[in-house]
Amino acid sequence: MSQVIVDDLSTLVEVLIGDGYRVIGPTRSGSAIQLAELTDAGQLPAGWGVETGPGHYRLRRRTDNAVFAHSAGPQSWKTYLHPSRRKLWSTDRNGTFEPAAEETPRYALLGVRGCDLAAIGKLRDVLGGGSHPDGSFQARYQSLFVVAVNCTEPGEVCFCASMGTGPTAGAGADLTLTEMPDHFLVSAGTAGGRELLARIGHRDATTAETDAATAALDTAAQRMGRAMPEVDLRALLAGSRESSHWADVAERCLTCGNCTMVCPTCFCTTTEDVTDLTGDHAERWQRWSSCFELDFSYVHGGSVRGSGASRYRQWITHKLGTWHDQFGGSGCVGCGRCIAWCPVGIDLTEEAGRLAESGHG
């Protein structure tokens with residue numbers, strides 16, 4: 001479909017809400033850009049950008065009113081597709097058993113960047129595919145309406161270009177926007193997107209406007225703050241199992257698991273049972289877990305990965321290496337969250353680069 005120009009997003013948000021969607025998008029909340037439910041487009045963080053670096057994230061005022069000119073914040077969209085905590089079932093002393101009644105809202109995700117759109121696709125393959133798909137994830141995913149945003153403002157820790165996931169958003173979105181001064185260039189990727197676009201005011205884009213958007217994306221691809229080493233990462237990690245580098249990382253890593261919590265593709269969970277004080281009622285809950293937790297690898301007799309070095313090696317090896325064997329691609333999309341939100345500033349791209357320089361793989 002040809003690209004069109006939309007002057008602002010007010011009508012888009014109104015139409016989505018009118019269609020019964022809960023519209024989720026970026027907002028300024030406290031000292032970060034956070035995802036939240038929108039009731040109007042005025043809640044988007046106009047005029048706010050971010051400064052990021054290893055262990056560093058700060059809001060900054062921009063000189064314009066751009067609403068998507070900020071790189072990834074602490075949250076990812078998996079919060080809405082794969083909740084951090086949810087009840088599975090409950091039981092009472094009398095033997096009754098009740099599966100949890102789960103809400104499955106229709107979400108419209110507004111402002112999904114290329115890296116995060118790729119992450120949603122990876123969650124779809126992991127949680128929504130296979131012989132035993134996660135029904136909770138499937139229900140949320142199947143009712144999604146996705147408005148992606150081509151990224152023209154990569155941050156200092158972004159490396160999506162070297163992972164092949166950005167800055168241009170790939171397939172899978174109903175609508176894709178490119179934010180330009182005073183307007184948005186919009187294209188539809190699905191029948192649902194075309195139908196919605198027909199209901200909001202727009203005009204055809206000129207050649208000059210589409211050329212300007214293409215140039216902005218080309219510039220963004222050259223402005224990435226980071227890049228993965230240009231080696232076969234799968235082979236690199238497979239050949240690095242006995243590297244002395246893991247001990248070096250372990251001296252810095254706090255094994256806090258922040259990297260896995262902010263990662264848009266980490267999907268591991270555990271379950272826990274809770275009871276009331278009388279013992280008459282019990283519930284089982286699922287919550288996010290992390291391969292950095294000591295209990296994560298507990299089997300009969302103790303934890304398989306007792307050291308910090310072995311846990312970091314497990315995380316990066318799965319993310320960049322063995323994910324290929326399981327799911328046919330990398331588990332990393334290059335959003336840079338794990339770098340910005342690591343309290344000691346461990347840089348995934350830097351650690352992979354050091355392994356490559358050491359000659360492993």
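Just wondering, is there one or more residues in region 178-187 that are in a strand (DSSP E or B), open to solvent by less than 20 Å² (accessible area, probe 1.4 Å) and among the hydroxyl-bearing types (Ser, Thr, Tyr)?
Checking region 178-187: at least one residue is in a strand (DSSP E or B), open to solvent by less than 20 Å² (accessible area, probe 1.4 Å) and among the hydroxyl-bearing types (Ser, Thr, Tyr).
Considering each residue of region 95-149, count those that are in contact with a Phe, Trp or Tyr (Cβ under 9 Å, 6 or more places away or on another chain), part of a helix (DSSP H, G or I) and open to solvent by 60 Å² or more (accessible area, probe 1.4 Å), and give that number.
So the count comes out to 2.
Would you point out the residue of region 30-42, among those that are under 15 Å from ALA108 (Cα atoms) and surrounded by 18 or more Cβ atoms within 10 Å (Cβ to Cβ), that is farthest from the chain's Cα centre (by Cα)?
Top of the filtered list is ALA41.
I'd like the full set of residues that are hydroxyl-bearing (Ser, Thr, Tyr) and either in contact with an Asp or Glu (Cβ under 7 Å, 6 or more places away or on another chain) or more than 30 Å from ALA101 (Cβ to Cβ) (or both), limited to region 286-311.
Within region 286-311, SER297, TYR298, SER303, SER307, SER310 qualify.
Somewhere in region 8-19, is a residue open to solvent by 40 Å² or more (accessible area, probe 1.4 Å), in a loop (DSSP other than H, G, I, E, B), closer than 25 Å to ALA208 by Cα and touching a residue at least 24 places away in the same chain (Cβ under 8 Å)?
yes
Select from region 289-319 the residues that are more than 13 Å from THR270 (Cβ to Cβ) and in contact with a helix residue (DSSP H, G or I) (Cβ under 6 Å, 6 or more places away or on another chain) and write down the one among them that is most open to solvent (accessible area, probe 1.4 Å).
VAL304
Take the residues of region 224-253 that are among the basic types (Lys, Arg) and surrounded by 16 or more Cβ atoms within 10 Å (Cβ to Cβ): which is farthest from the chain's Cα centre (by Cα)?
If we take residues in region 224-253 being among the basic types (Lys, Arg) and surrounded by 16 or more Cβ atoms within 10 Å (Cβ to Cβ), then ARG234 is farthest from the chain's Cα centre (by Cα).
Need the failing condition index for ALA72 against (1) assigned to a strand (DSSP E or B); (2) touching a residue at least 24 places away in the same chain (Cβ under 8 Å), just the number.
Unmet for ALA72, out of (1) assigned to a strand (DSSP E or B); (2) touching a residue at least 24 places away in the same chain (Cβ under 8 Å): (1).
I'd like the full set of residues that are of a type in the set (A, V, I, L, M, F, W, C) and in a helix (DSSP H, G or I), limited to region 300-344.
Passing the criteria: ALA309, TRP315, ILE316, LEU320, TRP323, PHE327, CYS338, ILE339, ALA340.
Looking at region 272-285, is at least one residue without any contact (Cβ under 8 Å) to a residue 60 or more places away in the chain, open to solvent by less than 60 Å² (accessible area, probe 1.4 Å) and touching an Asp or Glu at 6+ places or on another chain (Cβ under 8 Å)?
Within region 272-285 (the criterion being without any contact (Cβ under 8 Å) to a residue 60 or more places away in the chain, open to solvent by less than 60 Å² (accessible area, probe 1.4 Å) and touching an Asp or Glu at 6+ places or on another chain (Cβ under 8 Å)), the answer is yes, since at least one residue qualifies.
Right, THR27: within 20 Å of GLY345 (Cα to Cα), modelled with pLDDT of 95 or more, in contact with a helix residue (DSSP H, G or I) (Cβ under 7 Å, 6 or more places away or on another chain) and surrounded by 15 or more Cβ atoms within 10 Å (Cβ to Cβ) or not?
No; evaluated as a whole, the condition is false for this residue.
Search region 153-167 for residues being touching a strand residue (DSSP E or B) at 6+ places or on another chain (Cβ under 8 Å) and open to solvent by 30 Å² or more (accessible area, probe 1.4 Å), and hand back the single one that is nearest to CYS263 (Cα to Cα).
The selected residue is GLU156.
Regarding PRO45, is this residue in a loop (DSSP other than H, G, I, E, B) and touching a His at 6+ places or on another chain (Cβ under 8 Å)?
In short, yes.
Test of understanding: among THR52, THR79, THR27, which residue is of a type in the set (Val, Ile, Thr) and free of Cβ contacts under 8 Å to residues at least 40 places away in the same chain?
That would be THR27, the only listed residue that is of a type in the set (Val, Ile, Thr) and free of Cβ contacts under 8 Å to residues at least 40 places away in the same chain.
If I filter region 71-86 for residues that are modelled with pLDDT of 95 or more, open to solvent by less than 20 Å² (accessible area, probe 1.4 Å) and of a type in the set (Phe, Trp, Tyr), do I get at least one hit?
yes
Counting just the residues of region 202-223 that are outside any helix (DSSP H, G or I) and open to solvent by 60 Å² or more (accessible area, probe 1.4 Å), which one comes out nearest to PHE68 (Cα to Cα)?
In this case the residue turns out to be ARG223.
Quick test of your reading of the structure: ALA171 fulfils all but one of (1) open to solvent by 70 Å² or more (accessible area, probe 1.4 Å); (2) within 23 Å of the chain's Cα centre (by Cα); (3) touching a residue at least 40 places away in the same chain (Cβ under 8 Å). Name the failing condition by number.
(3)
The values are calculated or read from the model by the stated rules, or taken from the named source; none is laboratory data. As the structure is a prediction and not an experimental result, all values here were calculated from the model. Methodologically, a virtual Cβ is constructed for each residue, glycine included, from the backbone with ideal geometry; neighbour enumeration extends over all protein chains shown. All accessible areas refer to the heavy atoms of the entire protein, side chains included, with ligands and DNA or RNA removed. Shrake-Rupley method; radii C 1.70, N 1.55, O 1.52, S 1.80 Å.
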